[in-house]
Amino acid sequence: MILKGPYSAKLDKTGMLPYGAKVERRLTDLLEYFSDKDAVNKMLSGGENPIIYVVYEIGREMEGELNVGCTIIYPGKIGDEYYFTMGHFHVKETTSEVYFGISGEGMILMQDRKGNVFVEEIKPETIVYIPPGLAHRSVNTGKTELVFLAIYPSGSGHDYETVRKKGFAKLIVEKNGKPVIIDNPNYKGN
Ligand code: S6P
Ligand code: ZN
């Protein structure tokens, strides 16, 4: 029923039901992404491997269709850096994406292939539009779960490798209890 034809799904701060696939990302899946390697190692050696985020997805196959995904990023930090998603470019560079905030608060970090960065806030009743060609990472800067809906073309594809190798040019970290955007000293550039 979800694979073909119309459907409806329930969406709230606990996720989306029904869904076609669930992806769970733990700290061990994001080892290379967080900057503070000492903080990562300390958590893991203390036996902690927290879930950083989950995604509930309803994917479609045909050209012209839309995929829908609900992401829940848990509140937390690794060192000073807030929990975030891996982040990716779409393989098909002409595809865009719309996010809609459901619960919690955070920021969407976007970056073009030259390293120019754009940031938009995400929170309930807010839409964030991600134009073609920008990598995107979502960051939970709040004290509760950040939940949002994503809608994007079915043939977008996900390029995780570029972000994994180069990182984002900016980091979103907590300073004096508030989120601040700083330069990433380890950004690999072009
Ligand atoms: C898909 C869309 C989102 C992300 C999700 C997890 O194009 O941008 O559904 O997949 O927020 O992020 P990531 O970077 O692990 O796919
Ligand atoms: Zn995307």
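Residues in segment 137-180 that are more than 16 Å from ligand 2 (Cβ to nearest atom) and surrounded by fewer than 14 Cβ atoms within 10 Å (Cβ to Cβ) were compared, and the one that is farthest from ASN67 (Cα to Cα) is ASN176.
Could you grab the pairs with beta carbons closer than 8 Å, sequence gap of 6+ or different chains, first residue in segment 100-121 and among the polar types (S, T, N, Q), second one surrounded by fewer than 17 Cβ atoms within 10 Å (Cβ to Cβ) and part of a strand (DSSP E or B)? That search, which allows pairs on different chains as well, returns SER103/ASP12; GLN111/PHE118. In segment 42-61, the condition of being within 15 Å of ligand 2 (Cβ to nearest atom) and of a type in the set (S, T, N, Q) is met by no residue.
Would you confirm whether any residue within segment 16-39 is more than 20 Å from the chain's Cα centre (by Cα), over 17 Å from SER156 (Cα atoms) and surrounded by 15 or more Cβ atoms within 10 Å (Cβ to Cβ)? Yes, segment 16-39 contains at least one residue that is more than 20 Å from the chain's Cα centre (by Cα), over 17 Å from SER156 (Cα atoms) and surrounded by 15 or more Cβ atoms within 10 Å (Cβ to Cβ). Cβ separations smaller than 9 Å between residues 6+ apart or across chains give the following pairs from segment 140-169 residues that are more than 18 Å from GLU121 (Cα to Cα) and hydroxyl-bearing (Ser, Thr, Tyr) to residues that are in a loop (DSSP other than H, G, I, E, B) and within 12 Å of ligand 2 (Cβ to nearest atom): TYR152/THR95; TYR152/SER96; SER156/VAL91; SER156/LYS92; SER156/THR95; SER156/SER96; TYR160/MET86; TYR160/GLY87. Considering only residues in segment 81-92 that are in a loop (DSSP other than H, G, I, E, B) and either in contact with a Phe, Trp or Tyr (Cβ under 7 Å, 6 or more places away or on another chain) or of a type in the set (S, T, N, Q) (or both), the one that is surrounded by the most Cβ atoms within 10 Å (Cβ to Cβ) turns out to be TYR83.
Among the residues of segment 69-80, at least one is in contact (Cβ under 8 Å) with a residue 24 or more places away in the chain, touching a Ser or Thr at 6+ places or on another chain (Cβ under 8 Å), part of a loop (DSSP other than H, G, I, E, B) and farther than 18 Å from GLU32 by Cβ.
Every read-out reported here was derived from the displayed coordinates using simple, explicitly stated rules and does not represent laboratory data. Only a predicted model underlies this, so the values are computations on that prediction, with no experimental measurement involved. Counting neighbours? That spans all protein chains shown, and the Cβs are built from the backbone with ideal geometry, glycine included.
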